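The values are calculated or read from the model by the stated rules, or taken from the named source; none is laboratory data. Just so you know, these numbers come straight off a predicted model, no measurement behind them. Note that we place each Cβ from the backbone using ideal geometry, even for glycine, and neighbour counts take in every protein chain shown. Accessible surface is based on the protein model in full, side chains and every heavy atom, while ligands, DNA and RNA are left aside. Shrake-Rupley method; radii C 1.70, N 1.55, O 1.52, S 1.80 Å.
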Amino acid sequence: MLRGLPVLAHEMPSFDPTDVPDAPVPLFAAWFATAVTAGVDEPHAMTVSTVDADGFPDARVLILKDLDDDGWAFATSATSAKGRQLAGNPRVALTFHWRELGQQVRVRGFARPADPAASRQDFLARPFGSRVATLTGRQSEPLADRAALDIAFARSRALIGADPDLVAESHTVYRVRPETVEFWQADRERRHVRLRYRRTPDGWDRELLWP
Ligand SMILES: Cc1cc2nc3c(=O)[nH]c(=O)nc-3n(C[C@H](O)[C@H](O)[C@H](O)COP(=O)(O)O)c2cc1C
């Protein structure tokens, strides 16, 4: 079954790596806008990889919450597995895969908590259901049974209902300052284009990579 499945067989855009901005964020923004226009499903979903205290990698999908000149931002609980891992080691990798376009973007950098006001603002901007889930907390802790979850959600619903400004203390926006960013464009003949930006003391270097 696996061998019969096509991969990178559809029509995909071409990418000229000589016609790019000096820094990676504007190129990411342009690729992202194209992904949205092309109707890519959940283009803001990315794999966030961290390492634990034993150097064991861990990875999960998160939503991109913000992008600015300083880099990428996501939001999660500081007390979750990933939050604890980041407290011990801020090294992080982000991977975007836009299947419909045959594109991948790989970011490596350092994740730091944003200031508490930004985390608070992010929490209050979330839909009611997300706030209920986040306020309930205990993300990544073992759950004895689903009934315990229902009880905890009901309690969080009541708390937020009574005080709409209530904020989950552990909710944290993390900003990722990139060290390297790679743009990968698939080619049906497997002559994939790989362009890597690398941070230098004065800005960014760029280099092509063998596919
Ligand atoms: C599409 C998608 C989006 C998600 N977005 C988030 C998110 O923005 N924040 C978050 O904490 N978890 C998000 N999750 C859940 C995480 O993948 C993960 O299960 C959770 O954060 C616990 O991870 P941890 O045990 O490594 O801390 C998302 C999952 C999916 C599939």
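Observations on the structure shown:
- The calculated Kirkwood hydrodynamic radius for region 151-211 is 16.2 Å, given to one decimal from all distinct C-alpha pairs.
- A Cβ-based charge dipole, computed about the Cα centre of region 46-145 with Lys and Arg at +1 and Asp and Glu at -1, lands at about 80 debye.
- Alpha carbon centroid spacing (whole Å) that separates region 155-174 from region 11-79: 28 Å
- Farthest towards the positive end of the charge dipole of the chain, among the residues A23, S156, L124, is the Cα of S156, using unit charges on the Cβ of Lys, Arg, Asp and Glu.
- Extending 7 Å from Cα along the Cβ direction at H44 and again at V7 yields two label points whose distance is 3.0 nm.
- Per residue value of the accessible surface for region 30-122 (all protein chains in place, 1.4 Å probe), Å²: 52 Å²
- Take every Cα pair under 8 Å whose residues are at least 6 apart in sequence, average their separation, divide by the length of the chain, and the relative contact order is 23 percent.
- Accessible heavy-atom area order of F123, F15, highest first, probe of 1.4 Å: F15, F123
- Only the Cβ atoms of Lys and Arg (+1) and of Asp and Glu (-1) were treated as charged; on that basis the dipole of the chain about its Cα centre amounts to roughly 520 debye.
- With all protein chains modelled, accessible area of D115 [1.4 Å, Å²]: 90 Å²
- In Å, descending, principal axis extents of the Cα set of the chain: 57, 49, 38
- Among the protein heavy atoms of the chain, carbon and sulfur supply 53% of the accessible surface, probe 1.4 Å, non-protein parts ignored.
- Label zone at D52 (point 7 Å along Cα-to-Cβ), backbone N below 11 Å, region 85-109: 85
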